[in-house]
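**Q** Here it is: the structure, laid out below.
Please treat every number below as a calculation from the coordinates, not as lab data. On a predicted model such as this, the values are computed, not experimentally measured, just so you know. Here the Cβ is made from the backbone with ideal geometry for all residues, glycine too, and neighbour counts use every protein chain on show.
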Amino acid sequence: MGCLVIEDEADTARYICNGLKEAGFATAWCRSGADGLHLATDERWDVVILDRMLPGEVEGLRIVETVRALGKSTPILVLSALANLDERLRGLRSGGDDYLTKPFAFSELLSRVQALLRRSAGPDEPSELRVADLRLDLWRRRAERASRPIALQPREFRLLEYLVRHQGQVVTRTMLLESVWDYHFDPQTNVIDVQISRLRQKIDKDFSPPLLHTVRGVGYMIGVDA
Amino acid sequence: MLRLRGSVAFRLAIGYGALIVGAMAMISAVLYVGTIGVIDRGIDVKLHTASKQLTDSFETGGAEGLRREIQELLTDNTDQDTEVYLLLGPDGRRIIGNISESGGTVPPDRLTDQAVIRYGRPSISRLLPLGLPNGDTLIVGRDLQDVHEIEQLVLRALLIGGVVAVLLAIGGALLFRRQLEHRLAAIRRTALEIEAGDMSRRIPETDGEDEFTRLNDSINRMLDRIQRLMDGVRDVSNAIAHDLRTPLGRVRGLLDEALLARMPIEQLSDRARAAIRGIDDLILVFDKLLQIAEVESGARRQSFRPVALAEIITTVVELYDAAAEETGVRLTADIAGDAVALGDKDLLAAATANLVDNALKYAGNGATVRVGASRDGDTVSIVVQDDGPGIPANERDKVVTRFYRLDRSRSLPGNGLGLSVVNAISALHGGSLVLADARPGLLARIDLPQFDPTTFLGSDDVAPVGIGVDGAP
């Protein structure tokens, strides 16, 4: 997996690159907008991580626009300290696939990068999702584990569906709020944690092994192994 | 003079003065033509009539008849002071008449104004000479002395009138300018005082309803708003100094201590984690402050769409139902009517979530929290009501200020920004946050104007988020 990191701040770039290497990525780093534009358009990357405010005359979003104008669909994650909704929308409208504001936790970045890679792997619309002995019938919106039906509220089903679709990956609280509840705001307290623990009661309590794992300080992951 | 020319008041007044003088000139011209012109034409007609009358006498009574007729006219005591008659023989000698002979200088059959000697006195007269068949010349005329006098009178009157008009215009300009300067001076004085640093100064109020009173009111209101914003900035600076320094100091202490104490690696990791948690809390505070600033700037208004409040309440209640269960709070949604507001769905959801969050946190175990949407005429409301301890009446105003926390809640997690966010979001939507006593408990209500589809000018996508609205264009 090749990842291009365009970031002018050396500390941040090292933080990102080291983390990505540990997660099994091959990384390349460049610090100026002009070089970034060159690299992003010339070579084939699996994902590009891009800071918005770069030195030199090429602004981050211009790189995104250029890459898209050349017809490339490389997944791009835009990093920025500009956090308000307008800036976020500008980042996404210019062709970015995801937008993460600084400061960020590396785990959040990694989760989002993995989600992008999965998305770009191509859409598949199965009628059923499975993790171990947990089965989700997407058409009838029913869940069962070890062939015993589990009663879920519609929103709980969506939550579980999202987790299962990203099985083996860590999903963060913000990702869950945005995808499952379709809202972009930051609930200050632990509402998502409580939702998860209720879901855990329903799918893990009377079964083994446990499937829904908490990744400390990051988010959640569904899978056989933590 | 330069200073005068630069003055708006002076230019205005001069403009009006010129207009008045122009109008005077027009009126004068009409008046002049209307008086002198009419008199003039009347004289001409009379002369022709008199001449015709005398030629008729000549035809019926011959030269002698004409002479007698003239004699009679000269002695009948009518028009004595203006009439002019003269009959000359073929040799140019005067037969009868009241002016001295004027010789052959008078061209026949044409009206001419001439200087003559009438009753031994020089005068300007208008003469109409006429050759008779027997070689005599008949001159009928009229002394123009009185007409000249009237003409002089009218001209003099118009001249004096014109001069007075110009003087009035100049005087008016000066008066107008003084008045304007007097009113503007109050504004200028206040502006200078504010520039010098005294933000509390306002333009003195004046009675009446004129343009300046309204302008002064507008400026004063603008100054009030600026002062409120500046106070807000000062409050925030103070709050930041206090509420951000403290946690920053704590994080710094944690890390510093870890370094000095040469802790084992496990403890160091714990310290690092604690430091990250502290920093994350600070980031949250920053985000909230920025969110309030963003909301207060009003920029988000551009993305407003019709939003069904029922949908927001349902989602927020669904989001918090697990948390409520865990806290031991009964959380219910109560939706009545088709409450739709024009707004930003994420912001309104954030505001509602804040209120629900507060209710769960402060009402506590065993409480009931009711979340509702309602509509009353043109106002729609999001209501979050609990039966917990509530907020004392004298603290309700203060809890919406940034970083303010009730004494008894200082031990609970939170940053004192939640209600400030809700308040700012309500204000952005043209509504207000109302805190009231629910006897027992707190009733927090966001009042918003009901969405009116007929006045919505959104360019695209007018369908409300969530449920549909009847009558949407």
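**Q** In sequence order, what are the phi-derived ³J(HN,Hα) couplings for the stretch B:146-161 according to the Karplus relation 6.51 cos²θ - 1.76 cosθ + 1.60 with θ = phi - 60°, rounded to whole Hz, with x for glycine and proline?
**A** Per residue, the Karplus-derived 3J(HN,Hα) values read 5, 5, 4, 5, 4, 4, 4, 4, 4, 4, 4, 4, 5, 5, 4, x Hz.
**Q** Can I ask one more? Assuming a viscosity of 0.692 mPa s and a temperature of 37 °C, what translational diffusion coefficient in µm² per second does Stokes-Einstein assign to the stretch A:2-120, Rh being the Kirkwood radius over Cα pairs?
**A** Details: Rh = 13.9 Å.
Result for D is 237 µm²/s.
**Q** Over the stretch A:2-120, what is the relative contact order in percent, taking alpha-carbon pairs closer than 8 angstrom and at least six residues apart? Before the final figure, lay out the partial values.
**A** On the way: 193 pairs, mean separation 27.1, N = 119.
Dividing the mean separation by the residue count of the stretch A:2-120 yields 23 percent.
**Q** Got a sec? Charge dipole of chain B, +1 on Cβ for Lys and Arg, -1 for Asp and Glu; which of B:Ala261, B:Gly431, B:Leu132 is way out at the positive end?
**A** Towards the positive end, the residue furthest out is B:Ala261.
**Q** Sequence gap at least 6, Cα distance under 8 Å: using those rules, report the relative contact order of the stretch B:301-455 to the nearest whole percent. Mind dumping the intermediate values first?
**A** Values: 310 pairs, mean separation 38.5, N = 155.
Relative contact order of the stretch B:301-455: 25 percent.
**Q** Could you state the angle between the C-alpha long axis of helix B:8-32 and the longest principal axis of the C-alpha atoms of chain B, as a value from 0 to 90 degrees rounded to the nearest 10?
**A** Around 30 degrees separate the two axes.
**Q** I would also like to ask the following. Evaluate the relative contact order of the stretch B:125-260 (contact order divided by residue number), counting alpha-carbon pairs under 8 angstrom at least 6 apart; express in whole percent. Before the final figure, lay out each step's value.
**A** Values: 50 pairs, mean separation 13.7, N = 136.
It rounds to 10 percent for the stretch B:125-260.
**Q** To the nearest 20 Debye, how big is the dipole of the protein assembly as shown about its Cα centre, given +1 on the beta carbon of each Lys and Arg and -1 on that of each Asp and Glu?
**A** Numbers: 83 positive and 99 negative charges, 416 e Å.
So the magnitude is around 2000 debye.
**Q** Kindly identify the stretch B:301-455 as rounded, prolate or oblate by the Cα gyration tensor criterion: order the square roots of the eigenvalues as a ≥ b ≥ c, call it rounded if a/c is under 1.5, otherwise compare a/b with b/c, prolate if a/b is larger, else oblate.
**A** On the way: a/c = 1.81, a/b = 1.43, b/c = 1.27.
Prolate is the answer for the stretch B:301-455, as a/c is 1.5 or above and a/b outweighs b/c.
**Q** Also: Relative to 2.2 N^0.38 Å, what does the C-alpha radius of gyration of chain B come to as a ratio? Two decimals please. Mind showing how you got there, number by number?
**A** Values: Rg = 49.6 Å, N = 473, 2.2 N^0.38 = 22.8 Å.
For chain B, the normalised Cα radius of gyration comes out at 2.17.
**Q** For A:Val215, list long-range residues whose amide hydrogen, built 1.01 Å from N in the peptide plane, is under 5 Å from its own amide hydrogen.
**A** A:Tyr220, A:Met221
**Q** From the gyration tensor of the Cα coordinates in the stretch A:106-226, what semi-axes in whole Å does the equivalent ellipsoid have, largest first, with each one equal to sqrt(5λ)? Display every interim value, and only then the final one.
**A** Values: eigenvalues 90, 59, 42 Å².
Semi-axis lengths for the stretch A:106-226 are 21, 17, 15 Å.
**Q** What is the distance in Å between the Cα centres of the stretch B:288-339 and the stretch A:190-226?
**A** Using only Cα atoms to place each centre, the spacing works out to 26 Å.
**Q** Let me ask something else. Quick one: 3J(HN,Hα) in Hz for the stretch A:212-217, Karplus 6.51/-1.76/1.60 with θ = phi - 60°, rounded, Gly and Pro as x.
**A** Ordered by residue, 3J(HN,Hα) equals 9, 10, 8, 9, 4, x Hz.
**Q** Which whole-Hz couplings ³J(HN,Hα) result when phi for each residue of the stretch B:383-391 is put into the Karplus expression 6.51 cos²θ - 1.76 cosθ + 1.60, θ = phi - 60°, listed in order with x for Gly and Pro?
**A** Values, residue by residue: 10, 10, 10, 10, 10, x, x, x, 10 Hz.
**Q** If you place +1 on the Cβ of every Lys and Arg, -1 on the Cβ of every Asp and Glu, and leave all else neutral, what size is the dipole of the stretch B:275-348 about its Cα centre, to the nearest 20 Debye? Intermediate values should be presented prior to the final figure.
**A** Working: 7 positive and 14 negative charges, 57 e Å.
That gives a dipole near 280 debye.
**Q** From the residues B:Gly298, B:Thr327, B:Ser374, which one has its Cα farthest along the dipole of the stretch B:293-402 in the positive direction, the dipole being from +1 and -1 charges on Cβ of Lys/Arg and Asp/Glu about the Cα centre?
**A** Farthest along the dipole direction, towards plus: B:Gly298.
**Q** Calculate the spin-label point distance for B:Leu229 paired with A:Asp133, positioning each point 7 Å from the Cα along the beta-carbon direction, and give it in nanometres.
**A** With each label placed 7 Å out from Cα toward Cβ, I get 6.5 nm.
**Q** Report, as a whole number in µm² per second, the diffusion coefficient that Stokes-Einstein gives for the stretch A:69-156 at 20 °C and 1.002 mPa s using the Kirkwood radius over alpha carbon pairs. Before the final figure, lay out each step's value.
**A** Numbers: Rh = 16.1 Å.
Estimated via Stokes-Einstein, D reaches 133 µm²/s.
**Q** Could I ask something else about it? Sequence-distant or interchain residues sharing an amide H contact under 5 Å with B:Gly343, placed H: which?
**A** Here B:Arg305, B:Val307 satisfy the definition.
**Q** Among A:Met221, A:Val131, A:Val194, whose Cα projects farthest towards the positive end of the dipole of the stretch A:128-222, with charges put on the beta-carbon of Lys, Arg (+1) and Asp, Glu (-1)?
**A** Result: A:Val131.
**Q** Cross-link list A:Lys205/B:Lys288; A:Lys102/B:Lys361; B:Lys345/B:Lys398; A:Lys202/B:Lys361; A:Lys21/A:Lys102; A:Lys21/A:Lys202: which exceed 32 angstrom alpha carbon to alpha carbon? Show your work: numbers first, answer last.
**A** Values: A:Lys205/B:Lys288 37 Å; A:Lys102/B:Lys361 29 Å; B:Lys345/B:Lys398 27 Å; A:Lys202/B:Lys361 25 Å; A:Lys21/A:Lys102 20 Å; A:Lys21/A:Lys202 37 Å.
From A:Lys205/B:Lys288; A:Lys102/B:Lys361; B:Lys345/B:Lys398; A:Lys202/B:Lys361; A:Lys21/A:Lys102; A:Lys21/A:Lys202, over 32 Å: A:Lys205/B:Lys288; A:Lys21/A:Lys202.
**Q** Between 0 and 90 degrees, rounded to the nearest ten: what's the tilt of helix B:345-363 against the longest Cα principal axis of chain B?
**A** The two axes meet at around 50 degrees.
**Q** Would you calculate a helix-derived [θ] at 222 nm for chain B, using -39,500 (n - 2.57) for each DSSP H run of n ≥ 4 and dividing by the full residue count, to the nearest 500?
**A** Result for chain B: -19000 deg cm²/dmol, rounded to the nearest 500.
**Q** Another question about this same structure. Determine the shape class of the protein assembly as shown: with a ≥ b ≥ c the square roots of the Cα gyration tensor eigenvalues, call it rounded for a/c under 1.5, and otherwise prolate if a/b is greater than b/c, oblate otherwise. Walk me through the numbers on the way to the answer.
**A** Working: a/c = 3.63, a/b = 3.38, b/c = 1.07.
Prolate, since a/c reaches 1.5 and a/b exceeds b/c.
**Q** Let me ask something else about it. Using amide H atoms built in the peptide plane, which far-off residues or other-chain residues are under 5 Å from B:Leu128 H to H?
**A** Under 5 Å from the amide H of B:Leu128: B:Val140, B:Gly141.
**Q** Enter the Cα centre distance for the pair the stretch B:62-134 and the stretch A:1-54, rounded to the nearest angstrom.
**A** With the stretch B:62-134 and the stretch A:1-54 each reduced to a Cα centre, they are spaced 122 Å.
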